[in-house]
Amino acid sequence: MAQQTEDRADEATIRAIATAEAGRPGALMPILVAVQRRFGWLPPATVEIVADVLNVSRADVAGVASFYADFRIEPAGRLVVGVCRAEACQAAGGEALAAYAEERLGCGFGATAADGSATLDAVYCFGNCALAPAASVGGRLIGRASPERLDAAIRAETER
């Protein structure tokens with residue numbers, strides 16, 4: 001019963017966000033960004049509600065939501081860690097950092113640890129190539145990332 005009430009509240013919030021943004025040109029992206037900002041992901045009702053409000057097909061909405069890697073169709077872990085997988089970072093030791101991050105967090109790229117503690121994202125360029133390899137923890141950028149710097153950032157973020 002509590003879950004149904006929560007789902008209806010989420011649906012009402014999604015509809016309110018979509019309705020508020022619907023008059024903007026190219027409203028689909030701003031709506032999806034706003035929904036994700038509110039919930040941290042795109043709840044299942046998002047596609048149907050946004051399609052209804054914008055009078056577009058569910059396939060149109062689902063296509064955009066699934067195309068862009070920044071949109072989450074499942075909740076993220078309590079901590080989100082990103083590791084750059086682009087060429088400059090790979091050339092500067094990013095492969096070893098990526099392997100360490102997978103081991104440290106207990107999940108592969110694009111996945112969330114079984115206990116929900118962390119999600120590991122592959123990022124294809126933070127624009128911080130001069131300080132490669134780059135990573136992020138909780139949205140905070142780390143240049144010249146190493147296992148030690150990654151651990152320190154994870155500790156700092158989890159102590160907040």
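Bear in mind these aren't lab numbers, they're just calculated from the coordinates by the rules spelled out. These numbers were taken from a predicted model, which means no experiment stands behind them. Cβ coordinates were reconstructed from backbone atoms using ideal geometry, including for glycine residues, and neighbour counts include every protein chain displayed.
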Return the long-range amide H neighbours of Asp121 (sequence gap of 5 or more, or a different chain), with a cut-off of under 5 Å between placed amide H atoms.
Val81, Gly82, Val83, Gly110
Taking the Cα centre as origin and putting +1 on Lys and Arg beta-carbons and -1 on Asp and Glu beta-carbons, what dipole magnitude results for the range 1-112, to the nearest 20 debye?
240 debye
Per DSSP helix of 4 or more residues, -39500 (n - 2.57); summed, then divided by the residues of the chain. What does that give at 222 nm, rounded to the nearest 500?
-14500 deg cm²/dmol
Tell me which of Ala62, Val80, Ala134 sits at the most positive position along the dipole axis of the chain, charges placed on C-beta atoms (Lys, Arg +1; Asp, Glu -1).
Ala134
Which three extents, in whole angstrom, do the alpha-carbon atoms of the range 10-98 cover along their principal axes, largest first?
47, 26, 20
Share antiparallel - DSSP beta bridges, the chain, percent rounded to 5
55 percent
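Would you please give the FRET efficiency between Ala59 and Arg160, computed as 1/(1 + (r/R0)^6) with r the Cβ-Cβ distance and R0 = 35 Å, to the nearest 0.05?
0.30
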